[in-house]
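This report refers to the structure that appears directly beneath it.
The values are calculated or read from the model by the stated rules, or taken from the named source; none is laboratory data. None of the values given here were measured: they were computed from a predicted structure. Using ideal geometry, Cβ is built from the backbone for each residue, glycine included, and neighbour counts are taken over all protein chains shown.
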Amino acid sequence: MKKKVMVAMSGGVDSSVAAVLLRDQGYDICGATLKLFSNDDIDVCDRKRTCCSLEDVEDARRVCYKLGIEHFVFNFKDTFKEEVINKFANNYEMGNTPNPCIDCNRYIKFSKLIQRAVLMEKDYIATGHYAQIEFDKASGRYLLKKAVDLSKDQSYVLYVLTQDDLSRTLLPLGGMLKTEVRKIAEERNLINARKPDSQDICFVKDGDYGNFLENVMEVNSPKGKFIDTKGNVLGEHKGIIHYTIGQRKGLGLSLGKPAFVISKNKDKNTVTIGNEEELYTNRLIAHDVNLIAVDRIQSSMKATVKTRYSQKETPATLHQIEDGKILVEFKEKQRAVTPGQATVFYDGDIVIGGGTII
């Protein structure tokens, strides 16, 4: 009997080609598009910067029709608002810089979709993410690995997947190059073969986080003081939600030398400014840790580590500390390590796990 797969279809080229490949491999597939928000509700209308517009749903539906498979649309708007948008706003208000794409993967694209697939008696879900899943007989664990196309690798945003998630997920694009995916889409005459990849955070218009938080989420972020690392007042900031660690442009300060955001303090409503050297640190602590390749880190472990999506990982030592937290000590100091962002640990191309920087 054919294995049944529910393919998450955003309307983009990657998920569409994932469906093509799985059908060609003999799976019994259907398509599922997730309705996460209404564009009008969050003041987003630019099709190039969203994955949830009406046009995207129609693109997914057209691809499913062309492939001769069923297409479903699931409304997860309430869960998305609670678990992703509200958390994004709350974290920014507290002075952190969150990554909502990771929360979306954790709470929506995998957890909720797998629940729905199980209810509909499907064996797997599949997505168009660029990463690989492999079962390791020696450890009895599913492993998450980098994609073959390292320029598109998305293992960083998938570190939150559990063993159960991985056992129920197929990632057919993990062993392919993006150019190969585009070529397949064009050869099959898919309507979205040349559709641009989505950019930035899907629910934030033009990447303007401050405007979204103030005018859509109505986050109260009053003006406060810019200070230096010794506490001297340098000027007035327009609200801590408008700044991120490492930021240089748009500060509105004239100090006669380059100045960067070093830290933010919600309780005191201050933004600390310093020089380039003060941005560097040789350690971080992560909480809310999810380990994939191992059950736990017994004492310490060598690894390479990323502290942001676009960064190349760097050598470090992981230490298990209290309450499940991980202390990361870098071989060389790292620039602009930012609370709220994810840190992900690698052993070669294998994802050990990751957590949220505190």
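List of remarks:
- Condition met for SER299 (surrounded by 15 or more Cβ atoms within 10 Å (Cβ to Cβ), modelled with pLDDT under 95 and among the small types (Gly, Ala, Ser)): no
- As a summary of the residue check, ALA126 satisfies the conditions (1) of a type in the set (Gly, Ala, Ser); (2) over 18 Å from the mean Cα position of the chain (by Cα); (3) surrounded by 22 or more Cβ atoms within 10 Å (Cβ to Cβ) except for the one numbered (2).
- Among the residues listed as VAL351, VAL337, VAL328, the single one being part of a loop (DSSP other than H, G, I, E, B), at pLDDT 95 or above and crowded, with 16+ Cβ neighbours inside 10 Å: VAL337
- Residues of the range 305-325 satisfying the condition of being among the basic types (Lys, Arg) and in a strand (DSSP E or B): LYS306
- Out of THR304, THR314, sole residue that is in contact with a Pro (Cβ under 7 Å, 6 or more places away or on another chain), without any contact (Cβ under 8 Å) to a residue 60 or more places away in the chain, assigned by TED's automatic domain parsing to the domain that holds TYR346 and within 30 Å of SER139 (Cα to Cα): THR304
- Scanning the range 199-225 for residues that are outside any loop (DSSP other than H, G, I, E, B) and either touching a residue at least 24 places away in the same chain (Cβ under 8 Å) or within 19 Å of SER310 (Cβ to Cβ) (or both) yields a count of 12.
- Qualifying residue in the range 234-244 (condition: of a type in the set (Val, Ile, Thr), touching a Gly at 6+ places or on another chain (Cβ under 6 Å), farther than 30 Å from GLU322 by Cβ and surrounded by 14 or more Cβ atoms within 10 Å (Cβ to Cβ)): yes
- Within the set ASN275, ASN269, ASN282, the sole residue that is more than 30 Å from GLN163 (Cα to Cα) and in contact with a Lys or Arg (Cβ under 6 Å, 6 or more places away or on another chain) turns out to be ASN282.
- All conditions in (1) outside any helix (DSSP H, G or I); (2) at pLDDT below 90 hold for GLY31, with the sole exception of (2).
- Selection status of ASN282, among the polar types (S, T, N, Q), at pLDDT 95 or above, over 19 Å from the mean Cα position of the chain (by Cα) and surrounded by 13 or more Cβ atoms within 10 Å (Cβ to Cβ): yes
Quick grid of which residues meet (1) free of Cβ contacts under 8 Å to residues at least 60 places away in the same chain; (2) within 14 Å of HIS71 (Cα to Cα); (3) in contact with a Gly (Cβ under 6 Å, 6 or more places away or on another chain):
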{"position": "MET1", "(1), (2), (3)": "yes, no, no"}
{"position": "VAL7", "(1), (2), (3)": "no, yes, yes"}
{"position": "SER10", "(1), (2), (3)": "no, yes, no"}
{"position": "SER16", "(1), (2), (3)": "no, yes, no"}
{"position": "GLY26", "(1), (2), (3)": "yes, no, no"}
{"position": "GLY31", "(1), (2), (3)": "yes, yes, no"}
{"position": "LEU34", "(1), (2), (3)": "no, yes, no"}
{"position": "PHE37", "(1), (2), (3)": "no, no, no"}
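- The residues on offer are VAL118, VAL84, VAL57, and the sole one that is of a type in the set (A, V, I, L, M, F, W, C), crowded, with 20+ Cβ neighbours inside 10 Å and part of a helix (DSSP H, G or I) is VAL84.
- Considering the range 259-275, and only residues there that are of a type in the set (D, E, K, R) and in contact (Cβ under 8 Å) with a residue 24 or more places away in the chain, the residue that is surrounded by the most Cβ atoms within 10 Å (Cβ to Cβ) turns out to be LYS264.
- Filtered residues of the range 132-159 (kept if among the aliphatic types (A, V, I, L, M), surrounded by fewer than 18 Cβ atoms within 10 Å (Cβ to Cβ) and under 22 Å from GLN341 (Cβ atoms)): LEU150
- Scanning the range 174-208 for residues that are under 30 Å from GLN247 (Cβ atoms) and surrounded by 18 or more Cβ atoms within 10 Å (Cβ to Cβ) turns up SER198, ILE201, CYS202, PHE203, VAL204, LYS205.
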